[in-house]
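Report on one structure; see the data block that follows.
The values are calculated or read from the model by the stated rules, or taken from the named source; none is laboratory data. In this text, all values refer to a predicted model and were calculated from it rather than measured experimentally. Because the Cβ atoms are built from the backbone with ideal geometry, glycine has one as well, and the counts that use them run over all protein chains shown.
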Amino acid sequence: MKVRWLGNACVEIVGERNILIDPNPLLLPEDPIDIILVTHEHNDHINSEKIDQLKGDPIIYGPSTTFEEHIIEGEIVNPGDTIEGDIRVYEIECWKAKESVGYLVDGILHCGDTSSFPSDLEDVDIVFSACFPNMYEDYLESFEKMDPGLVIPFHYDPGLDIKDAEGLVEYLKDAGIDSYLLKVGESLQL
């Protein structure tokens with residue numbers, strides 16, 4: 001299995017099934033997509049034109065407001081759901097979102113741009129985390145409870161906000177939490 005950051009909050013998980021989370025990539029996925037997971041309705045997390053460009057015929061999951069606001073079809077998810085057999089759906093808060101959820105997929109946690117992660121998480125190997133400097137302490141508090149194997153900052157503009165991501169990596173490493181900065185399009189083999 002490999003995981004690849006495609007820019008914005010878009011993450012591609014390639015394995016037995018190919019999953020795209022928050023489909024507004026700067027780079028399109030290389031492989032056909034089977035499943036799309038959307039955390040919330042904000043335009044920087046979902047772009048229907050980019051969904052139309054994807055290879056494959058994916059099933060789209062997300063909160064109901066995502067489908068209403070973007071006029072697309074899909075399966076509504078709610079916190080507490082388990083979809084596709086093993087993908088867990090969590091309630092999260094994203095700034096000014098009407099509804100938002102996070103997903104735990106094969107040990108990979110994606111919670112949009114929240115700084116308040118669910119407290120009942122287990123088996124988290126990798127966390128994709130926004131990297132807003134005013135939220136570093138909140139991230140650290142969540143990660144100390146969660147004890148993930150690795151934290152990867154995302155949801156920033158690589159040309160403008162890379163210092164935010166670099167700052168979070170340094171902040172977490174100083175606190176003893178492993179963190180790594182991926183470039184857009186770079187992947188990790190798991």
Based on what the data block shows, is Glu84 in contact (Cβ under 8 Å) with a residue 40 or more places away in the chain, out of contact with any Lys or Arg (no Cβ under 7 Å at 6 or more places or on another chain) and farther than 23 Å from Cys131 by Cα? yes
Could you list, in sequence order, all residues of region 9-24 that are surrounded by 24 or more Cβ atoms within 10 Å (Cβ to Cβ) and out of contact with any strand residue (DSSP E or B) (no Cβ under 6 Å at 6 or more places or on another chain)? Ala9, Cys10, Asp22
Identify the residue in region 94-116 that is over 8 Å from the mean Cα position of the chain (by Cα) and among the small types (Gly, Ala, Ser) and, among all such residues, is surrounded by the most Cβ atoms within 10 Å (Cβ to Cβ). Ser100
Does Ile76 satisfy being at pLDDT 95 or above, touching a helix residue (DSSP H, G or I) at 6+ places or on another chain (Cβ under 6 Å) and of a type in the set (Val, Ile, Thr)? yes
With the structure loaded, tell me whether Glu122 is free of Cβ contacts under 8 Å to residues at least 24 places away in the same chain and of a type in the set (Asp, Glu) or whether it fails that test. yes
Checked region 168-190 for anything more than 19 Å from the chain's Cα centre (by Cα) and not in a loop (DSSP other than H, G, I, E, B); matches are Glu170, Tyr171, Lys173, Asp174
Just to check your reading of the model, which residue among Ile33, Ile13 is of a type in the set (Val, Ile, Thr), in contact (Cβ under 8 Å) with a residue 24 or more places away in the chain and either part of a loop (DSSP other than H, G, I, E, B) or closer than 16 Å to Val101 by Cβ (or both)? Ile33
For region 34-57, does any single residue satisfy the condition of being modelled with pLDDT under 95, surrounded by fewer than 14 Cβ atoms within 10 Å (Cβ to Cβ) and either under 20 Å from Ser187 (Cα atoms) or touching a strand residue (DSSP E or B) at 6+ places or on another chain (Cβ under 8 Å) (or both)? no
Only one of these conditions is not met by Phe154: (1) closer than 23 Å to Tyr61 by Cα; (2) touching a helix residue (DSSP H, G or I) at 6+ places or on another chain (Cβ under 6 Å). Which number is it? (2)
I'd like the residue in region 58-83 that is among the acidic types (Asp, Glu) and more than 18 Å from Cys111 (Cβ to Cβ) and, out of all such residues, is surrounded by the fewest Cβ atoms within 10 Å (Cβ to Cβ). Glu73
